[in-house]
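Q: Just dropping this structure here.
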Amino acid sequence: MVAKTKRVRRVGILTGGGDCPGLNAVIRGVAKPAHDNGLSVLGILDGFEGLVEGRAIELYNKDVSGILASGGTILGSSNKGDPFHWPEKSNGDIIITDKSKDAMKYYDAWGLDALIAIGGDGTMNIAKRLSDMGMNIVGVPKTIDNDLEATDQTFGHDSAVYVVSEALDRLHTTASSHHRVMVIEVMGRYAGWIALNGGLAGGADIILLPEFPFEWDAVFERVLKRNMMGKKFSIVCVAEGAKPKDGEMIVKKVDKKRTDPIQLGGIAEVVAQKISDNTGLETRYTVLGHLQRGGSPTPYDRILSTKFGTTAIKLAIKKKFGRMVALKGNEIVSVKIEDAIANQKLVKPDDQAVEAAIAIGVCFGTKNL
Ligand code: F6P
């Protein structure tokens, strides 16, 4: 997109959607070089909510020191602030309105030459629409789910996988001491990357993913087979979006105010109950929940976030707008935001992690793999 301004002097930055480890590292990666290049940086509060409502703070150099290792986001975030899908209360009901003009109004009033939008697919969809309205946007891909096709990895995913792996190590001890089946539910929405990578890193025996609807019998058989072989415990890592072949994903809540109204959750309890009923083995379940989204980023995520942030500000200074930074192999590149949101990245049967898991005897709950 052709820039509106001659030279980029002032950039806004916001973090949208669910928080994840590495957001502060990106903010730091954007702001430090921006300041060094004489730009001013405005931190927009609570994602697009702050842009619509005109809430922002000036980010000075001192504000971005010492935040590399901290989780969450110093700017706040929200998954309810879509300017094109703005929920408002009206006579006790929630009505959806379009507040994109308010977003444009504050962008202009604040004198911004560019906006760095850090977020997942929801944020990138909004970024694309605002960019079509004339806003100069550079995107940075964030999500623990790792489900953006345009980048080999999003930051936050490695940190989530680390937490899952550590949790599985801890569950192993009770599983083996009490000869139990332990089921753990992990996040990921409609993609199984956290369950796959976390399960592989934590030595899960059965991994259930949204991409491969499972057969109950295959799960029961695997647990019983392990038991007969003298392996007195089993670890099942189930993605929140996993579903049996004859069933649906379990929706915990529908909230119209959210960019994605569907909140998943509850499959681990069902899986644990079914295993217990059908095998007679003592079974427990754990829902890892937001533990896997909080805390300090791993070194990998700190480095990726820093590379993403510094590349994003470089793109903004060069006025390469309407683009999102991405990891391709070992290189940070940029892609058009519309290409970034075209497809969701899902686990495929021929993924090397799936093949490696199968090679070491992991069961995906289906005879087709
Ligand atoms: O997209 C990140 C994510 O953590 C998903 O894995 C999960 O389904 C969702 O967000 C949970 O959202 P919330 O924090 O709003 O409950």
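Q: For the pair Lys256 and Gln344, how long in nm is the line joining their label points, each one 7 Å along Cα→Cβ?
A: 2.2 nm
Q: At 7 Å along Cα-to-Cβ for each site, give me the label-to-label distance between Asp93 and Lys367 in nm.
A: In this crude label model, Asp93 to Lys367 measures out at 5.1 nm.
Q: Still on this structure, please answer the following. Per q in 0.21 1/Å, what log10 I(q)/I(0) does a Debye calculation on the alpha-carbon atoms of the stretch 318-369 return?
A: -0.82
Q: Further, regarding this structure: What do you get when you divide the Cα radius of gyration of the stretch 33-152 by 2.2 N^0.38 Å, with N the number of residues? Don't skip to the end; give the middle numbers.
A: On the way: Rg = 15.2 Å, N = 120, 2.2 N^0.38 = 13.6 Å.
Rounded to two decimals, the normalised Rg is 1.12.
Q: Quickly estimate the mean residue ellipticity at 222 nm for the chain, helices only: each DSSP H run with n ≥ 4 gives -39500 (n - 2.57), and the total goes over all residues, rounded to 500.
A: Theoretical 222 nm ellipticity from helices: -11000 deg cm²/dmol.
Q: I would also like to ask the following. In Å², what does the accessible area per residue of the stretch 80-151 work out to with a 1.4 Å probe?
A: Averaged over the residues of the stretch 80-151, the accessible area is 36 Å².
Q: Are there GluC sites (Glu not before Pro) in the stretch 227-293 that DSSP puts in a loop and that have at most 16 other Cβ atoms within 10 Å, and which ones?
A: Numbers: sites: Glu240, Glu248, Glu269, Glu282; in loops: Glu240, Glu248, Glu282.
Within the stretch 227-293, the qualifying GluC sites (Glu not before Pro) (loop, at most 16 other Cβ atoms within 10 Å) are Glu248, Glu282.
Q: Separate question: How long are the three semi-axes of the equivalent ellipsoid of the stretch 30-76, in whole Å, if each is the root of 5 times an eigenvalue of the C-alpha gyration tensor, listed from largest down?
A: In descending order the semi-axes read 19, 15, 7 Å.
Q: When averaged across all projection directions, what area in nm² does the alpha-carbon convex hull of the stretch 239-343 cover?
A: Its Cα hull, projected and averaged over all orientations, spans 10.8 nm².
Q: Something else now. So what's the Cα pair-distance distribution over the chain, bin width 10 Å, in %?
A: Pairs per bin, as whole percents: 5, 24, 30, 21, 13, 6, 1, 0.
Q: Ok, one more. What does the convex hull of the Cα atoms of the stretch 145-220 come to per residue, in Å³, rounded to a whole number?
A: Working: hull volume 6.4 nm³, N = 76.
Convex hull of Cα atoms, per residue: 84 Å³.
Q: Could you check how much of the accessible area of the stretch 144-212 is carbon and sulfur, as a whole percent, using a 1.4 Å probe?
A: With neighbouring chains kept in place, the figure for the stretch 144-212 is 49 percent.
Q: Here is a further query. If you wrap a convex hull around the Cα atoms of the stretch 91-179, how much volume per residue is inside, in Å³?
A: 187 Å³
Q: Would you mind checking the radius of gyration and Dmax of the stretch 105-156 based on alpha-carbon positions, in Å?
A: 12.2, 37
Q: For the stretch 228-292, with all protein chains present and a 1.4 Å probe, just round the carbon and sulfur fraction of the accessible area to a whole percent.
A: The nonpolar share, carbon plus sulfur, comes to 51 percent.
Q: Still on this structure: Among the listed pairs Lys253/Lys367; Lys307/Lys345; Lys101/Lys320, which have their C-alpha atoms separated by more than 26 angstrom in this model? Write out the running numbers ahead of the final one.
A: Working: Lys253/Lys367 32 Å; Lys307/Lys345 22 Å; Lys101/Lys320 23 Å.
Result: Lys253/Lys367 exceed 26 Å.
Q: A follow-up question, please. Mind jotting down the distance between the C-alpha centroids of the stretch 214-243 and the stretch 254-288, whole Å?
A: 15 Å
Q: Quick test of the membrane-span-like rule: which DSSP H helices of the chain reach at least 24 Å along their long axis (C-alpha atoms) with mean Kyte hydropathy at least -1.0?
A: Numbers: long enough: 157-178 (31 Å, -0.22); 299-317 (27 Å, 0.29).
Flagged H segments are 157-178, 299-317.
Q: From the alpha carbon gyration tensor of the stretch 74-228, can you work out the equivalent ellipsoid semi-axes (sqrt of 5 times each eigenvalue) and give them in Å, largest to smallest?
A: Working through the eigenvalues yields semi-axes of 42, 18, 14 Å.
Q: Could I ask something else about it? Give me the net charge for the shell around Glu88: Cβ to Cβ below 15 angstrom, other residues only, Lys and Arg +1, Asp and Glu -1.
A: Neighbour charge sum, excluding Glu88 itself: 0.
Q: Now a separate question. Pop the C-beta distance of Asp63 and Lys105 into the FRET formula with R0 = 35 Å and round what comes out to the nearest 0.05. Mind dumping the intermediate values first?
A: Working: r = 25 Å, r/R0 = 0.72.
The formula returns an efficiency of 0.90 here.
Q: Could I ask something else about it? Using a 10 Å cut-off on Cβ atoms, rank the peptides 270-279, 37-46 from the highest mean neighbour count down. Before the final figure, lay out the partial values.
A: On the way: 270-279: 18.0, 37-46: 19.7.
Result, highest mean Cβ count within 10 Å first: 37-46, 270-279.
Q: Name the residue, out of Lys243, Lys256, Lys231, whose mean-square fluctuation peaks in a Gaussian network model built on the chain with Cα pairs under 10 Å.
A: Lys231
Q: Express the relative contact order of the stretch 108-263 as a whole percentage, based on alpha carbon pairs under 8 Å and six or more residues apart in sequence.
A: Relative contact order here is 19 percent.
The values are calculated or read from the model by the stated rules, or taken from the named source; none is laboratory data. If you're wondering where the values come from, they're calculated on a predicted model, not measured in any experiment. So basically every Cβ, Gly included, is an ideal-geometry build from the backbone, and we count neighbours across all protein chains shown. To get the accessible areas, we keep the full protein, side chains included, count just its heavy atoms, and leave off ligands, DNA and RNA. Shrake-Rupley method; radii C 1.70, N 1.55, O 1.52, S 1.80 Å.
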